[in-house]
Amino acid sequence: MIQMTQLHTPKASRNQETGRLSFMHPVSPFSRRLPLRGGPSRRVRTAVVPVAPAPCTFSSVPASKTITKTVPKTAPKTASKKFATTALASALLTLLAVAPAHADGRDTDKDEDKAPRPPASMSTVGGALLGKPGTQVRPGADAPALPKKLTGRSWIVADAETGDVLAAHNAHWPLPPASTLKMLFADTLLPKFPATTTHKVTQDDLSGIGAGSSMVGVKENYTYSVHDLWLGVFLRSGNDAVHVLSAMNEGKAKTVAEMQAHAEELQAHDTKVVSPDGYDEKGQVSSAYDLTLFARSGMQKADFREYAATATAKFPGEKKKGKKRETFEIQNTNRLLTGDGLAGIEPYEGIAGVKNGYTSNAGYTFTGIAQRGERVLLVTVMNPDDKERGAVYKETARLFDWGFAAAGKVDPVGKLVGPKSEEAAQAGEQAEAGGAGNDGAGKPGEPERAAAAGAADAAGDGGGFGIALGVMGGVLVLVAAGVFFGNRRWPLRRPPAS
């Protein structure tokens, strides 16, 4: 049996009949009810430990209108009277006059003048503001200011329950996604194979893996369960495990086609799938907005949530003659889940997944989901400045902190849309409710459904739900992380491509 450690286990859904999160219906192709591993009696229910939000340390923003920011850093502070000479004042004015403004939100110098810029206009799925370059936020009078050190070319902060986008920066900019694309891979294929299914790996299964890929250690001529392979995908971002699962799905071409179709169903129109593992391929792109849709959809599935929240596990190794097959430990590369002592990153309080990635072309990418109290947020960051070790996690953590502090104090700048099929169903319910309302009578429950459907805007509402991701207590996090730090092998400064 594979042993797993989950630092933060999402608690059982309040929708107990389906065993999924209830803010959105599952829409994966081939979706069907599969028995849980070990049967219903083994389902883990984790009590939620309420966590009070940390005091807000951001300055207030008095404006109540939309702000479009192109330069994330503030202007130099006014010199003190002691240094306020005419020459110095003139120099400061000159610096302010020539300071460049860049729509991609990065601080640049002469060597970075050729850095990619976001398109002047992008997709408006989810709202018109999300199609504009630069930072979009609509703060109220008492809203905290956005963090200063944000270098990601694209990022988004959204409420996982309501779908409200609290703030975004070039949200629809199509960029190489690296291994965060594995969220779409998992959301597409997870329902197709029961976890207990086994497969003997062939040489052909492992063909075509990109040079320098991240690997979990799948070996030819060895048998693995589907559960083993998914652990390899989620924890070690193993391209070898992805290729084996794709082979089980009748090959790469079919898998890519199904992933693309599923992306279209989720209205992730910025995404072009070329390789199922996220490895750099010409034309393969996604966006912070789309990756957030994939995470939100994937978290509807109990097995997706389990894998995303698993910190460590035992993975099948080789079998030596006359001995039992060996296992070895694998660790999750999501540093907000496990921490990174060398980078000064602690496990983020309330984190429950989801996926990180890196390639030389994509840079670092990450989508995470976390909870404070009853608030559940999704944050995606793509390609931040990697001069600082762990920048993608540190910027994600700062955006989480801001999002929890800003929730209820900012007006949404857009929405995470629902799947096409769900929006069509909502439209049908609205039409039916409207017809029933003409004579003041309708079916039982119809007024309630009509009210809920009417609350969604044209962009599509995520739907009301009552989900709370499970949060382990701080002591459990520290103890588990402490054990983990003592045994882990830290990655190189530049991780393998994924």
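The values are calculated or read from the model by the stated rules, or taken from the named source; none is laboratory data. These numbers were taken from a predicted model, which means no experiment stands behind them. A quick note on method: Cβ atoms are made from the backbone with ideal geometry, for glycine too, and the neighbour counts reach across all protein chains shown. All accessible areas refer to the heavy atoms of the entire protein, side chains included, with ligands and DNA or RNA removed. Shrake-Rupley method; radii C 1.70, N 1.55, O 1.52, S 1.80 Å.
Per-residue counts of other Cβ atoms within 10 Å, averaged by peptide: what ranking do you get for 285-293, 115-123, highest first? If you can, show how the numbers build up before the last one.
On the way: 285-293: 29.0, 115-123: 14.4.
Taking the mean over residues of other Cβ atoms within 10 Å, the ranking is 285-293, 115-123.
With a 10 Å radius around each residue's Cβ, average the other Cβ atoms per peptide and rank 150-160, 360-370, 318-328, 199-209, highest first.
Descending mean neighbour count gives 150-160, 360-370, 199-209, 318-328.
In Å², what does the accessible area per residue of region 116-184 work out to with a 1.4 Å probe? All intermediate terms of the calculation are to be shown ahead of the outcome.
Numbers: 1870 Å² over 69 residues.
Per residue, region 116-184 has an accessible area of 27 Å².
Could you give me the ³J(HN,Hα) list for region 385-393, computed from phi with Karplus coefficients 6.51, -1.76, 1.60 and θ = phi - 60°, whole Hz, x at Gly and Pro?
4, 9, 5, 9, 4, x, 4, 5, 7
Could you tell me what % of all Cα pairs in region 198-345 have separations over 18 Å? Can you show the working numbers first?
Working: 6858 of 10878 pairs.
Percent of Cα pairs beyond 18 Å in region 198-345: 63.
Where Rh is the Kirkwood radius over the Cα pairs of region 217-289, the temperature 20 °C and the viscosity 1.002 mPa s, what D in µm²/s does Stokes-Einstein return?
Approximately 162 µm²/s, per Stokes-Einstein.
Across every pair of different alpha-carbon atoms, what Kirkwood hydrodynamic radius in Å does region 166-235 reach?
Details: mean 1/r = 0.0692 Å⁻¹.
Kirkwood hydrodynamic radius for region 166-235: 14.4 Å.
Consider all pairwise Cα distances in region 316-402 and report the whole-number % of them above 22 Å.
Here the long-distance tail beyond 22 Å is 36 percent of all Cα pairs in region 316-402.
Please list the non-local residues whose amide H lies under 5 Å from the amide H of Glu161, H modeled 1.01 Å from N, same-chain partners needing a gap of 5 or more.
The answer is Val376.
Would you please state which residues of region 247-264 a label at Asp204 would reach in this model, taking the label point 7 Å out along Cα→Cβ and a backbone N cut-off of under 14 Å?
247-254
Using per-residue counts of other Cβ atoms within 10 Å, averaged over each peptide, order 237-245, 178-186, 408-416 from highest down.
Numbers: 237-245: 28.2, 178-186: 29.8, 408-416: 21.2.
Taking the mean over residues of other Cβ atoms within 10 Å, the ranking is 178-186, 237-245, 408-416.
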